[in-house]
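Beneath this line is the structure, given in structure tokens, with notes to follow.
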Amino acid sequence: LNMLLQGTIGQSMARSRALIQSGTAEAFTHKIYTNNTWTPENPGARFPRSSKLEARNQVTSDLLITKSDYIRMKNLQLQYAVPSSFTKKFYVNRMNVYVSGTNIFTISPLNEWNLDPEAVSGYQNYYPQVAVYTLGVNLNF
């Protein structure tokens, strides 16, 4: 068994672009904003009032900062050496069977925003980390 966990503590990331313009420019609106912006009926909302083409909600402030601490299962590999008493029947000297995965899961406050904590702060126009799973057999004749 081989496992690699990686992460950070005490980090923050600035959200930008579509994530700070939600509801103001007739464009992308993240599900977090739905029914969670200020209105007279909802004064305790998480986000300011959404107004079309309103620039005040997009200026840099601590409202746009999100904790980006994370822990990621970067790699997990399990390997099994098949006993030689079994492999000799098939004229195989050695046989290893393995399964592995990369970027298996990430635990972070940024999961709520569908953001990768390893992305450059403020630039969220990236292709997210790809999970890769592999199953294999290594034979030695």
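Since every read-out is calculated from the coordinates, none of them should be taken as a lab result. Every value quoted in this text rests on a predicted model; they were computed, and no experiment measured them.
Relative to the present Cα-Cα distance, how much length would full extension add between Val130 and Val59 at 0.36 nm per residue of separation? That pair, Val130 and Val59, stretches by 22.4 nm at full extension. Rounded to the nearest whole Hz, the Karplus-based 3J(HN,Hα) values (6.51 cos²θ - 1.76 cosθ + 1.60, θ = phi - 60°) of the range 44-52 follow the sequence x, 5, 6, 10, x, 4, 9, 10, 4, with x at glycine and proline. For Lys31, the lysines whose Cα comes closer than 23 Å to its Cα, not counting residues fewer than 8 places off in the same chain, are Lys52, Lys67.
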